[in-house]
Number of protein chains: 2
Amino acid sequence: MAPFEAMTSINHSGSNFTSSLGRLVEEESQQPIMTADKVDPNHPALQGSLTPPANCPSSKVLNFSPGPTNLPAAVESTILRRCFPDPSTKRLGSMALSHRSPEFGAILRNSIALTRRVMEVPPEYEILFTQGGGHGQFAAVPMNLCPNKDAKATYIVSGTWSSRAVIEAEKYCTPTAISSVNEDGATFTSFPSAERIVAEHDPDSKFIYMCSNETVNGIELHRLPVFDDVDNTTVPPLVVDASSDFTSKPISWRKSNVGILFACASKNIGHPGITMVIIRKDLLGQANPFTPGFLNYETNILADNVWNTIPTFNVDVIGIMMEWILDQGGIEAMEENSVAKAELMYGLIEDSNGFYGTPIDKSSEHRSRMNVPFCVAGGDEELTNLFLVECWNRGIVGLRTVTPFKQGIYLRASLYHGVSYEETVVLANFMKEFAARHSISKDVGETTMVAENISSAMEPASPDSSCVDLSIFSSSPTGVDMALTLPKNFKVSSYTKLSRDMFAPPALAPASTTLR
Amino acid sequence: MAPFEAMTSINHSGSNFTSSLGRLVEEESQQPIMTADKVDPNHPALQGSLTPPANCPSSKVLNFSPGPTNLPAAVESTILRRCFPDPSTKRLGSMALSHRSPEFGAILRNSIALTRRVMEVPPEYEILFTQGGGHGQFAAVPMNLCPNKDAKATYIVSGTWSSRAVIEAEKYCTPTAISSVNEDGATFTSFPSAERIVAEHDPDSKFIYMCSNETVNGIELHRLPVFDDVDNTTVPPLVVDASSDFTSKPISWRKSNVGILFACASKNIGHPGITMVIIRKDLLGQANPFTPGFLNYETNILADNVWNTIPTFNVDVIGIMMEWILDQGGIEAMEENSVAKAELMYGLIEDSNGFYGTPIDKSSEHRSRMNVPFCVAGGDEELTNLFLVECWNRGIVGLRTVTPFKQGIYLRASLYHGVSYEETVVLANFMKEFAARHSISKDVGETTMVAENISSAMEPASPDSSCVDLSIFSSSPTGVDMALTLPKNFKVSSYTKLSRDMFAPPALAPASTTLR
C-alpha cells in the first residue's frame, strides 16, 4: 500500500543489509575480522529504526527506547486477552466502553485503587487521569496552583525536562530557578543539593518543582528530598515530574511534603495518551480562571475523572500494569529489579577500561537507573554507528532515538519495566563482545584469540540465516563477567577504529575489503 | 479480584435476571404474556450496563452507545492483527513505537495522507493530532485564534456541545452567541438559519463556531452552511466541531470557508484519547501567549505533530479506519450507509403510530443521522425500563447512557460507523416487536395473534439458554416492514402499560404474576 512506502523501504534496506552481511561473511570468513570501511550513514539503524531483520537471532525485539516503548511481555499478553475479548463472549473491551458505563466505572476504580495500593498513596491525595502528556502538566501545574501570573514558584532545573517545564511555567507564574547546569552552561550531571534548595528557594513559592529522573541527562533522584531534615524549615509543597521513574521506587508522600506528582504513562505504567496526576486535596481550588476545564484538577476530581471523555483503554492498561507490579512483589521488587538492571549496565561500563563511557561519574548518587547514557569508544562516530548497526542486526533497538534534544556522543539504554533483566543481560553481553572485538591489546596472542572468537561468531547461524549466531555469547545472567572477557591491559587509547561497509548494496560495495 | 467487585456484581445481577426469566418462562408459558409488575430499578440495564447475558441470542454485543463505542468489526480485526504483532515477527506494534522512530513516522504520515484523501482536505489545510478531546478544543480554538480576551467570536449555540463550547470560550475571548434554544429555554430542535447567522454575527469575529451534530439533542447539519450564498457577505471563517459526524458526509472546505474542523476520535474515527484538528494555515500565528504549548497549533505543526509524545496507537487506529472507509467506497458510501441506518430508525418511529416518538419533527432538515433520540410510549417510565431491559437481554446496549446531560424521556440510538446497517435492522425489528407486543388493539383477534407470537418467542432457545429466542423476528434487512407488523388501528392512547418483575431475586419475586 502506497502510504506505507516509507516503512516498506525501511524493511527493504534491512533485507539488503542482512543479505549483504550474509554474503560478506560467507565470502570472507577466512580473512581477518578487523577490516574496515564506513558504515552507510543511511542505514536504518542510524535513522532510529526499531524494526530489526525478521530473522535476527533474538526471539523478539529488544526495545531499549526512552518511551513510548514496550510494556512487560506478561502485561502485553494480558492486555490482548482482557482488552480484546472475542465478540462471541458478549463482552466489550475497554476501548469500546462508554466512559459513563458501570463497566468502565469498575475499570477506573480498579486502576485508581491498585495505584493507591502499589504506591501507598495516602487518603489525602486524589488520583486523576489527564491527557496531554508531561508537557500538558508543565502548563497545568502552574495553572492549577497559581491564581495569577504574579504568583511565585521555585523550579529545580536539573536537565532537559525541568528546563522545558520552567519555560512553560513562565507563562503562568513567576518562577525562581535553581539550576544544576554545569559550567559549560549546557550539560547537567547532578541535582542541586537539598541544602541549596532550602537556602535559595523563594519562600513565597506556591510549590517547589522538580523532575525526579531526567531521561536525556541520565540523572535520577533515587529518593525524594526531605527538606525539613535540612534545618527544620517549612518549605512549600513539592511538585514532582515522575514521568519516567514512577513505580520504580517508593515515594515518601508525607515526609517529602509531596503536593503533586505526575507521570505520563508511556514509560513505566502504560501507553501514550494518558497522564496520571496525584494531588493533595488541600492544593485544589486556586486555579487561574483561564485554566481549560479539562486541565483543571478540581473540575475533574469533582466529576470523578469523567468530566469529559477519558482514554478508556489507557486507564485499563494502567490497572493491568499495577496488577503486574503487585504480582511481581510490589514496589520493593520493582526497585530491586531496576537497581539490578542499572548495576549491570554501569558495572559493564566501569569495567570496560574506558571503551564505554557515561557522563555521570561513579561517585555520583544520581546515576539514573531508568536511562543509562553511554558512549562507544569515546564517541567515535564510526565505531558508534557500527555498534548501533550490529545491535540492530541482533534485534537490539532504541539505543539512539532521533530527538530534538542534543545528546552529544551518548547513546542511551532505557531500562523501564518493559525491559526485563534477561534482556538487559543480552545487551550487556553484546556490549562486552563488541568491546572485546574492537580492542587491540599489546598482547598479540590475546588479539588473535578475540579475532578467532569473532570470526566464528560472524558465521551464519544456519544456511538460511543471514544473521550472526549469538549463541556463543552467553545470555544468562550468570554469564556477565567483564573482568574475564576484556583484555587486562586494555586502554582507551589502544583500540583500533574498525568498521565494515556491510550496508551498501552489493553493486556499490565490492566484496574486497581493506585493512586500514 | 476485589477491585472488580462492582463489575462482578453487575454480571451476577445479569445472571440472576436471566435465570429468573428462564424460570418464569418455563413455569408460566401457558399464562397470558401481558402480565405486569415493576422493573427492578437496580437492574443493570437501567444503570447503563453494556454487558448483556453471555448467552443472549445476538452473536455479539450490539452497541448503540453515543461514544466511546465499537469500531466496525473489520476494523477491530485489523487492529488486532496489525497493532499486536506476534513477538516472533520481530515487529513492534504502534503502542511500543517511539513517536520519533521512522516506523511511527510512516504510520503518522499514512494516517494524515489517508484522512486527506478520504475527506478531500485541500493543501492549504494542516492535519494535527491533539489530546484533550472535544473539551480540549473548546479551549484551544479561542486560545489559538484570539490573541487576547477582547478578541471577538460568534458562537452558534444549538445544543449541549455548542453550549459547553461557548462557556469555555468566555475564558479566552468575547463571544456573541446566536442560539436556537426553544421557548422553554432548555431544548434545542434546530440550528439557526444561515440568514440569521449572517444577520446577527459579530463582523469583527475571528471565527464563527458551530457544532455540526449535537449528539444529545439529535440534530445535525447535513451540509455545512455557505454564508456567501446568503447575500455575498464575507463572513469570518467557520470553526466546526465535527466530533460526532466526521467522515459521515463530505465537507465543502473552501465553499463553506472552513477555518478549523476538529473531531475527537471516539465516535467515527477511532478510540478515545486523540482529537484530530484540521486547520487552514493562514489562521496560524495569532495564539494567546498563555496557550499551553501542547495545545498550540502552530507549535505542533512546526514540530510535525511530535512536539511532545503523541498517542501512537490512536494515530495508527485512525489510519486503519480511513483505510476501511476507502475500502467501503469512500465518503459517499459512508453517507449512504448513514442515511440508510437513520431512515430505518426514523421510518420505524414515524410508522409506529406514536408508540415511539422523537423530538425532531419529520419536517425538520436537521434530524441527526448519527444519534436518533426516541421515547417509548410517550416516555412511560415502566415501559421504557422494560424496553431497555429486554434490549439488554437480547444483546442490544447503549441506548441510555447515564450522563450529566438531561435527556428527559428520550433514549438514543447512536449509529456511528461501528454500527452496521444489519445491526440497526436488529434493533428496528426488536422495536417493532416490542411495540406490537405492548399495543392492545380493539381487534381481539389481532391482540391474540401478537400475544401468541410473543409467547413462543419467550420460550428459551435451548434447554441451557435462559434467553428468549429471537429467531422468529427477522433480522434481515428485507424483513423490516412496520406497516405489516403494527396493528393498523394502533393508537398511542390504546396501549396497555405492562411490565414484568423479572429482575428481583426469586425469593423476593414469587413465581405467580398478576395481570394489572
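Between A:Glu350 and A:Gln47, the contour length at 0.36 nm per residue exceeds the alpha carbon distance by 106.3 nm. Note on A:304-314: average number of Cβ atoms from other chains within 10 Å of each residue's Cβ is 6.
Shielding of B:138-144 by partners, i.e. mean partner chain Cβ atoms within 10 Å per residue?
2
Can you tally the net charge around A:Gly329? Count Lys and Arg as +1, Asp and Glu as -1, for every other residue whose Cβ sits under 14 Å from the Cβ of A:Gly329. List each step's numbers first, then the result.
Values: positive: A:Arg117, A:Lys249; negative: A:Glu323, A:Asp327, A:Glu332, A:Glu335, A:Glu336.
Result for the local shell: -3.
Computed across region B:58-159, the Kirkwood radius stands at 17.9 Å (inverse of mean 1/r, all Cα pairs). Chains A and B together bury roughly 6500 Å² of accessible surface, counting both sides and using a 1.4 Å probe on protein heavy atoms.
For region A:76-327, the residue among A:Val317, A:Pro292, A:Ala177 whose Cα projects farthest onto the positive side of the dipole built from Cβ charges is A:Val317.
Dipole size in debye (nearest 20) for region A:101-230 around its Cα centre, Lys and Arg Cβ +1, Asp and Glu Cβ -1?
Values: 10 positive and 17 negative charges, 90 e Å.
In total the dipole reaches around 440 debye.
Here is how far apart the A:Gly329 label points are across copies: 6.1 nm, shortest first, using a point 7 Å from Cα toward Cβ. Distances between copies of A:Leu80, taken at a point 7 Å out from Cα along the Cα→Cβ vector and listed shortest first: 1.1 nm. Across identical copies of the chain, A:Gln286 has label-point separations of 3.6 nm, listed in ascending order, with the point defined 7 angstrom from Cα along Cα→Cβ. Per-residue mean of foreign Cβ neighbours for A:78-90 is 3 (Cβ atoms of other chains, 10 Å radius). Return the whole-Å distance between the Cα centroid of region B:122-137 and the Cα centroid of region A:356-381. Region B:122-137 and region A:356-381 have Cα centres separated by 40 Å. Working note: Karplus 6.51/-1.76/1.60 with θ = phi - 60° gives region B:121-127 the couplings 6, x, x, 7, 10, 9, 10 Hz, where Gly and Pro are set to x. Note on region A:76-327: antiparallel DSSP beta bridges, both residues inside, total approximately 45 percent of the bridges counted.
Sorting check: for B:148-159, A:116-127, which peptide has the highest mean count of neighbouring beta carbons within 10 Å, and how do the rest follow?
In descending order of packing, they fall as B:148-159, A:116-127.
Residue ranges A:52-58, B:322-328 sort as A:52-58, B:322-328 when ordered by packing (mean number of other C-beta atoms within 10 Å per residue, highest first).
Here is the list for region A:174-241: GluC sites (Glu not before Pro) lying in DSSP coil, each with at most 10 other C-beta atoms within 10 angstrom of its C-beta, are A:Glu183. Taking Cβ atoms as reference points and 15 Å as the exclusive limit, the residues near B:Leu284 contribute a net charge of -2, counting Lys and Arg as +1 and Asp and Glu as -1.
Set the bar at 22 Å for Cα to Cα. Now go through B:Lys255/B:Lys362; B:Lys171/B:Lys206; A:Lys267/A:Lys341 and name every pair that lies beyond it. Walk me through the numbers on the way to the answer.
Working: B:Lys255/B:Lys362 28 Å; B:Lys171/B:Lys206 15 Å; A:Lys267/A:Lys341 16 Å.
Too far apart for the 22 Å limit: B:Lys255/B:Lys362.
Using the alpha carbon gyration tensor of region A:348-419, what are the three equivalent-ellipsoid semi-axes (square root of 5 times each eigenvalue), largest first, in whole Å? Working shown, then result.
On the way: eigenvalues 69, 50, 32 Å².
Calculated on Cα positions only, the semi-axes equal 19, 16, 13 Å.
Note on B:Lys362 and B:Val402: the model spin-label points, each 7 Å out from Cα along the C-beta direction, lie 3.7 nm apart. Based on the convex hull around the alpha carbon atoms, region B:76-327 presents an average projected area of 13.6 nm². Give me the net charge of B:Ile409's neighbourhood, meaning all other residues with Cβ under 10 Å from the Cβ of B:Ile409; Lys, Arg count +1, Asp, Glu -1. Net of charged neighbours comes to -2. Between the residues B:Val402, B:Gly418, B:Gly347, the greatest Cα displacement towards the positive end of the dipole of region B:340-420, with unit charges on the Cβ of Lys, Arg, Asp and Glu, is found for B:Gly418. With R₀ set to 22 Å, the beta-carbon distance separating A:Asp150 from B:Asp150 gives a calculated FRET efficiency near 0.55.
The values are calculated or read from the model by the stated rules, or taken from the named source; none is laboratory data. Worth saying up front: this structure is predicted, and the values here are computed from it rather than measured. Note that each Cβ is placed from the backbone with ideal geometry, even for glycine, and that neighbours are counted across all protein chains shown. To get the accessible areas, we keep the full protein, side chains included, count just its heavy atoms, and leave off ligands, DNA and RNA. Shrake-Rupley method; radii C 1.70, N 1.55, O 1.52, S 1.80 Å.
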